[in-house]
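Chemist: Below: one structure in structure tokens.
The values are calculated or read from the model by the stated rules, or taken from the named source; none is laboratory data. Keep in mind the model is a prediction, meaning the values are calculated, not measured. Cβ placement follows ideal geometry from the backbone for every residue including glycine, while neighbour counts extend to all protein chains displayed. Each accessible area value is taken on the protein alone, full model and side chains, heavy atoms only, with ligands, DNA and RNA left out. Shrake-Rupley method; radii C 1.70, N 1.55, O 1.52, S 1.80 Å.
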Amino acid sequence: MSTANHVLTIQTKNQPVVLERLLQVTRYRGFEVAGMEMKPMADFSGLLVTLSIVSDKPISLLTNQLNKLYDIEYLDCVESQQTQAEAGSMRA
């Protein structure tokens, strides 16, 4: 099974522990965070988080759990066609 890269765009409520919850669920489900960007929304009512995820597991195992979190207001997932092997060869 090939490793897939996914980019999750997540809009959250502005809570102090929201990033910890996102990362905890990601780790518990066995997904690796390859990159993360976080910035406040324009009106400071929440955060816009972009997670780059790498795994050979179905991404639905993660997105279903993230959607259950109280602080998540919006979640979108885009799959990258690049496999981990291709990513490794690009870094060299």
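Chemist: Anything in the range 1-22 that is of a type outside the set (D, E, K, R) and part of a helix (DSSP H, G or I)? List them, or say none.
Modeler: Across the range 1-22, the qualifying residues are Val18, Leu19, Leu22.
Chemist: A follow-up question, please. Would you pick out the residues in the range 1-38 that are out of contact with any helix residue (DSSP H, G or I) (no Cβ under 6 Å at 6 or more places or on another chain) and under 15 Å from Glu73 (Cβ atoms)?
Modeler: Hits for the range 1-38 are Leu8, Thr9, Ile10, Gln11, Lys13, Asn14, Gln15, Val18, Leu19, Arg21, Leu22, Met38.
Chemist: Okay, next question. For the structure I just gave you, tell me whether Leu47 is open to solvent by less than 30 Å² (accessible area, probe 1.4 Å), out of contact with any Phe, Trp or Tyr (no Cβ under 8 Å at 6 or more places or on another chain) and within 15 Å of Asp76 (Cβ to Cβ).
Modeler: yes
Chemist: Still on this structure, please answer the following. Which of the residues spanning the range 1-40 are open to solvent by 60 Å² or more (accessible area, probe 1.4 Å) and hydrophobic (A, V, I, L, M, F, W, C)?
Modeler: Matches in the range 1-40: Met1, Leu23, Ala34, Met36, Met38.
Chemist: Then there's this: Take the residues in the range 51-82 that are part of a loop (DSSP other than H, G, I, E, B) and over 24 Å from Met41 (Cβ atoms); name whichever of them is least open to solvent (accessible area, probe 1.4 Å).
Modeler: Only one residue fits best here, namely Ile59.
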